[in-house]
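I have placed the structure first, in the form of structure tokens, so that the comments after it can refer back to it.
The values are calculated or read from the model by the stated rules, or taken from the named source; none is laboratory data. Being a predicted model, the structure only gives us computed values, none of them experimental. Counting neighbours? That spans all protein chains shown, and the Cβs are built from the backbone with ideal geometry, glycine included. Side chains included, ligands, DNA and RNA excluded: accessible areas come from the protein's heavy atoms. Shrake-Rupley method; radii C 1.70, N 1.55, O 1.52, S 1.80 Å.
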Amino acid sequence: MTGSIEDAIPLLEQAIRLSSRDPLIRIFYTNIGIAHLLQSHTDEAILWFEKARGMASGWPYSFLAAIYGLRGETDKAAAELAEARRQFPDGRYSSIARRKAQGMYSIPGYWGAPKVAALFEATYFAGLRKAGMPEE
């Protein structure tokens, strides 16, 4: 979230090796997926979000929706977005504005350093728009 995206992946992979039975390993998987998405490495991101999918609610589905939206795979994007909404009926996935307000890591409105926030806008939010998420 500070902008050292390239450094994050090997460190997260090391964390997985050192703590392979960690009950929160899904967070490592999700964060690796996010790092790949922010670098526009969608194939790699899908692999990591798929690993996290069975262990975590919401996040992997919304990120997969964004990736499939970016790739023009609208049916897959809509299905992943619908699942994220089903798992979180509080409305956080009802609009771009609501999702942006939610922020990352339970920090309202926080999407990282300016460089990282711009990458989220160009990938995650652009993909969610293409997946059918309205602005408001």
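Go through the residues of region 28-43 one by one and say whether even a single one is of a type outside the set (S, T, N, Q), open to solvent by 60 Å² or more (accessible area, probe 1.4 Å) and touching a residue at least 12 places away in the same chain (Cβ under 8 Å). Within region 28-43 (the criterion being of a type outside the set (S, T, N, Q), open to solvent by 60 Å² or more (accessible area, probe 1.4 Å) and touching a residue at least 12 places away in the same chain (Cβ under 8 Å)), the answer is no, since none of the residues qualifies. Among the residues examined, ALA65 qualifies as hydrophobic (A, V, I, L, M, F, W, C), open to solvent by less than 20 Å² (accessible area, probe 1.4 Å) and touching a residue at least 60 places away in the same chain (Cβ under 8 Å). One residue stands out in region 80-118 among those that are among the basic types (Lys, Arg) and closer than 16 Å to ILE34 by Cα: the one that is least open to solvent (accessible area, probe 1.4 Å), namely ARG99. Just one of the numbered conditions (1) within 19 Å of ILE32 (Cα to Cα); (2) open to solvent by 50 Å² or more (accessible area, probe 1.4 Å); (3) modelled with pLDDT under 95; (4) out of contact with any Leu (no Cβ under 8 Å at 6 or more places or on another chain) is not true of ALA56: (2). Within region 68-79, no residue satisfies the criterion of being under 14 Å from ALA45 (Cβ atoms), without any contact (Cβ under 8 Å) to a residue 24 or more places away in the chain and either open to solvent by less than 20 Å² (accessible area, probe 1.4 Å) or of a type in the set (A, V, I, L, M) (or both). For PHE49, the conditions (1) within 15 Å of TYR124 (Cα to Cα); (2) part of a loop (DSSP other than H, G, I, E, B) are fulfilled apart from (2).
What are the pairs, 6+ residues apart or on separate chains, where a residue within region 107-131 that is in contact (Cβ under 8 Å) with a residue 60 or more places away in the chain and over 17 Å from ILE5 (Cβ atoms) has its Cβ under 8 Å from a residue that is among the hydroxyl-bearing types (Ser, Thr, Tyr) and open to solvent by 30 Å² or more (accessible area, probe 1.4 Å)? Correct list of pairs: LYS130/THR74; ALA131/THR74. For region 5-17, check the following and say yes or no: at least one residue is more than 19 Å from MET104 (Cα to Cα) and part of a loop (DSSP other than H, G, I, E, B). No, the conditions are met nowhere in region 5-17. List the pairs whose first member sits in region 1-19 and is in contact (Cβ under 8 Å) with a residue 12 or more places away in the chain and open to solvent by 60 Å² or more (accessible area, probe 1.4 Å), whose second member is assigned to a loop (DSSP other than H, G, I, E, B) and hydroxyl-bearing (Ser, Thr, Tyr), and whose Cβ atoms are under 8 Å apart, counting only residues at least 6 apart or on separate chains? Every condition considered, the pairs that remain are MET1/TYR105; MET1/TYR110.
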